[in-house]
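Input: a single structure, listed below in structure tokens.
The values are calculated or read from the model by the stated rules, or taken from the named source; none is laboratory data. All values derive from a computational prediction rather than experimental measurement. Cβ: placed from backbone, ideal geometry, glycine included. Neighbour counts: every protein chain shown. Just so you know, the surface numbers come from the protein's heavy atoms only, side chains and all, with ligands and any DNA or RNA stripped out. Shrake-Rupley method; radii C 1.70, N 1.55, O 1.52, S 1.80 Å.
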Amino acid sequence: MKIIKDDRFYTAEVEVYFLSELDNTLTYRNLVKDLLVNASKKYPTKQAIREKLDDLYGSTLSVSSTTYGKYHAIVFKGNVLCDKYTLDQENNVQQYLDFIQELIYNPLDFNQNLEEIKQKYIASILRSQEDVASYSMKIALQSATNHPYLTTDVHGDIDLIKCADINILNKTYQNMIENDIVRIYVAGEVTNLTFNVKNKSVENACYVNECNEYHITREKRVVDQSYINMIVNVNNALNVKTYFPLLVLNELLGGNDSLLFNEIREKMGLCYSIFSHCYYYDNVMLIHAGVDCSNIDLCRDAIIHELTKIKNGQFTDEMLLKVKNSLVSLFLGMNDSLTSQISMDLHNELRKIDLSLQEKIKKIHAITKEDVITVAKQLNLIYEYIIEGEPDGKNNDISI
């Protein structure tokens with residue numbers, strides 16, 4: 001268990017991670033996680049779970065699924081009042097940890113809630129597909145390379161959900177309990193806590209994608225807005241030397257006050273929204289823009305032009321300093337959040353970056369223009385996924 005001591009908060013943040021190599025069993029693992037927080041032998045109904053959380057001074061509990069490069073993570077997390085602020089200074093945080101252990105290690109028979117969970121899960125996936133912007137980004141990432149880590153959908157597969165039965169889920173659960181790497185984090189004003197679990201080492205979660213030949217997909221859909229998604233291979237973000245210049249490059253290219261935003265959206269007016277996001281574990285960068293269909297090609301050309309400018313060093317020292325200061329401010333702000341402190345600690349382990357916050361800030365300040373150019377020259381565009389919007393012609397105005 002990792003305890004991050006911070007006495008500035010009334011509550012503590014608790015997060016329990018179950019990490020396993022990413023593969024198609026993700027779908028079944030997602031079903032299992034939902035079943036575990038739905039009922040246990042000691043708390044056989046959702047009402048019983050809610051009442052227990054109320055008894056723990058209104059503690060919260062949620063479960064989610066996410067990926068970190070090579071790994072799929074099931075995350076149980078919640079916020080709990082620190083012992084110091086309870087009525088009799090009882091062991092509130094430890095009781096909360098015991099409660100989570102009960103849910104995870106003593107589940108109710110999965111058959112009792114399976115069909116309900118499956119239907120909710122399918123409905124959630126279908127709803128996610130209705131957000132065309134997010135859906136286009138997901139498809140772009142999945143189609144950019146043939147690597148199974150990147151092509152696996154974190155939401156899971158509907159067909160696998162439908163065929164999941166009690167035997168599959170029991171096997172998945174046993175494998176999770178016996179073989180997963182478990183990490184427990186508690187951040188806040190806490191001490192002397194226990195959570196019985198074996199400690200296993202974790203590998204670097206980053207990996208290098210194979211460089212596919214450039215390809216492009218254009219698809220027409222009945223939507224008002226069109227979307228451009230460009231996937232750029234960053235080639236090598238696995239080491240400390242490359243990671244921090246890449247942070248700066250990404251912010252310079254597509255952050256809140258970036259070249260893409262200022263030059264293409266504000267000055268040229270070619271898009272409604274535009275940004276870049278680096279998937280550091282997967283060694284790819286996504287550039288996303290929401291545009292009018294008539295501006296797709298102009299916007300694409302402008303994006304490539306701005307990326308080329310960075311490769312050629314066509315940005316000022318003032319811009320570079322502004323970006324570095326923005327990143328430092330972001331890092332300092334993260335230290336004022338218990339959730340962010342846990343996230344930073346986990347990412348340090350998964351990326352094998354053993355640096356303190358101040359050491360990271362020092363590295364950001366030390367980055368030069370030449371460092372950014374060197375990393376930029378390693379970037380190459382490998383895939384584009386473009387949705388060409390075709391409005392249905394209906395009058396969508398809303399009158400009040």
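Checking the structure you have, find out if any residue of the stretch 124-144 is closer than 27 Å to residue 185 by Cα, aromatic (Phe, Trp, Tyr) and not in a loop (DSSP other than H, G, I, E, B). Looking for residues that are closer than 27 Å to residue 185 by Cα, aromatic (Phe, Trp, Tyr) and not in a loop (DSSP other than H, G, I, E, B), one finds none in the stretch 124-144, hence no.
In the stretch 273-287, which residue that is over 20 Å from residue 68 (Cα atoms) and surrounded by fewer than 22 Cβ atoms within 10 Å (Cβ to Cβ) is farthest from the chain's Cα centre (by Cα)?
The residue in question is 273.
Are any residues in the stretch 294-311 free of Cβ contacts under 8 Å to residues at least 60 places away in the same chain and either closer than 15 Å to residue 253 by Cβ or among the acidic types (Asp, Glu) (or both), and if so, which ones? Hits for the stretch 294-311 are 297, 301, 302, 305, 306, 308, 309. Residue check, residue 250 against (1) polar (S, T, N, Q); (2) open to solvent by less than 10 Å² (accessible area, probe 1.4 Å); (3) closer than 19 Å to residue 380 by Cα; (4) in contact with a Cys (Cβ under 8 Å, 6 or more places away or on another chain), all met but one. Which one? If we test residue 250 against (1) polar (S, T, N, Q); (2) open to solvent by less than 10 Å² (accessible area, probe 1.4 Å); (3) closer than 19 Å to residue 380 by Cα; (4) in contact with a Cys (Cβ under 8 Å, 6 or more places away or on another chain), just (2) comes out false. Got at least one residue in the stretch 84-93 being in contact with a Pro (Cβ under 7 Å, 6 or more places away or on another chain) and outside any strand (DSSP E or B)? No, there is no match, as no residue in the stretch 84-93 is in contact with a Pro (Cβ under 7 Å, 6 or more places away or on another chain) and outside any strand (DSSP E or B).
For the stretch 7-36, the candidate set comprises residues that are of a type outside the set (Val, Ile, Thr) and in a loop (DSSP other than H, G, I, E, B); within that set, the residue that is most open to solvent (accessible area, probe 1.4 Å) is 10. Under the condition of being within 24 Å of residue 13 (Cα to Cα), touching a strand residue (DSSP E or B) at 6+ places or on another chain (Cβ under 7 Å) and open to solvent by less than 40 Å² (accessible area, probe 1.4 Å), the residues counted in the stretch 299-344 number 3. Just for the stretch 142-172: of the residues that are closer than 22 Å to residue 212 by Cα and among the small types (Gly, Ala, Ser), which one is least open to solvent (accessible area, probe 1.4 Å)? In this case the residue turns out to be 144.
Checking the stretch 283-292 against the condition returns no match, with no residue being free of Cβ contacts under 8 Å to residues at least 12 places away in the same chain and over 14 Å from residue 249 (Cβ atoms).
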